[in-house]
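> Mind having a look at this structure? Questions to follow.
The values are calculated or read from the model by the stated rules, or taken from the named source; none is laboratory data. Because the structure is a prediction, the values reported are computed rather than measured. Cβ placement follows ideal geometry from the backbone for every residue including glycine, while neighbour counts extend to all protein chains displayed. In case anyone asks, the SASA skips ligands and DNA or RNA and just uses the protein heavy atoms, side chains included. Shrake-Rupley method; radii C 1.70, N 1.55, O 1.52, S 1.80 Å.
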Amino acid sequence: MGIKYKRVLLKLSGEALQGANSYGIDPEFLRRLAQEIKSVVELGVEVAIVIGGGNIFRGVSGATQGMDRATADYMGMLATVINALALQDALEKEDLQTRVLTAIEMREIAEPYIRRRAIRHLEKGRVVIFGAGTGNPFFTTDTAAALRAAEINADVLLKATKVDGIYTADPEKDKNAKKLDKLSYKEVITNGIKVMDSAAVSLCMENQIPIVVFDVRKPGNLEKVVKGKSIGSLVEGEQL
Ligand code: UDP
């Protein structure tokens, strides 16, 4: 079976890197994740990744404790760079070529984000990791993922989560919650379904980028998604 999506933008939350831990990075989980990513690179898929920082620091929680919000958000962006380097290390251990590109310049450790350069890396088969979100406070890495997906002309935004798709209610709290296999951007926005924040969903909608929400922790899922198998939930179609 061939691949459905040639160029993908994978959004990994910081929490995903936590694995079973309550803070920081779980190296064992990172190793498994790197192998999953390798399996799709070997299929010829171009992989760009936006990584979150919630396992280390979130701007909102700093702000609720009295910090200046913008300062706290910059700390959050720096946290994403820590994760980006950890992911780069894990991918390189699997013999993948990688580049970290940051939205805030830190040339000693990563390339600055330059759109054309990112695309060139992808064409050459390198895994591109975008760090520091959008580079702006008051945004999230979900929005950064939607923005980068649009900029690099990604065929899909793959939103990796801990649940296996979008449900009518939180499946961990409500046992009557039903999984939705397919839904439109309009349904997501009008029903206030929390797939990603609304800025991220709007950007995907306006640029007609499908979103697949899936459980990245299940081995083989990433490969199934890029092959177009019905894993997780797919958001596309009718706009608002
Ligand atoms: N952040 C930001 N601008 C961006 C992306 C991220 O200010 O464009 C900050 C924000 O404080 C956020 C933190 O970085 O809380 C970590 O990112 P996020 O919470 O999106 O990570 P995730 O939930 O995916 O782990």
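> Pairs to check: 124/159; 194/224; 162/186; 178/227; 38/227. Give those whose C-alpha atoms are more than 21 Å from each other in this structure.
124/159; 194/224; 162/186; 178/227
> Fully extended, how many nm does the chain gain between residue 28 and residue 4 (0.36 nm per residue separation, minus their Cα-Cα distance)?
Using 0.36 nm per residue and subtracting the Cα-Cα distance, I get 5.7 nm.
> Compute the relative contact order of region 165-240 as a whole-number percentage, counting only Cα pairs closer than 8 Å that sit 6 or more residues apart in sequence.
40
> Across all directions of projection, what mean area in square nanometres is found for the Cα convex hull of region 1-72?
Average of the hull's projected areas for region 1-72 equals 6.2 nm².
> Two-decimal Rg/Rh of region 113-211 from alpha-carbon positions, Kirkwood Rh?
Using Cα coordinates only, the ratio equals 1.02.
> So, with a 1.4 angstrom probe, what is the percent of accessible area on region 109-240 that is carbon and sulfur?
Answer for region 109-240: carbon and sulfur cover 47 percent of the accessible area.
> Determine, from the Cβ-Cβ distance of residue 170 and residue 67 and an R0 of 25 Å, the FRET efficiency 1/(1 + (r/R0)^6), rounded to the nearest 0.05.
Efficiency at R0 = 25 Å is approximately 0.30.
> Still on this structure, please answer the following. Considering only DSSP beta bridges where both residues belong to region 89-234, give the percentage that are antiparallel (nearest 5).
Close to 25 percent.
> Between residue 60 and residue 153, with labels modelled 7 Å along Cα→Cβ, what's the label distance in nm to one decimal, could you check?
Using points 7 Å along Cα→Cβ, the separation is 3.5 nm.
> With viscosity set to 0.692 mPa s and temperature to 37 °C, compute the Stokes-Einstein D of the chain, Rh being the Kirkwood radius across alpha carbon pairs; µm²/s, no decimals.
184
> Could you tell me the relative contact order of the chain? Use alpha-carbon pairs under 8 Å, at least six residues apart, and round to a whole percent.
Relative contact order here is 22 percent.
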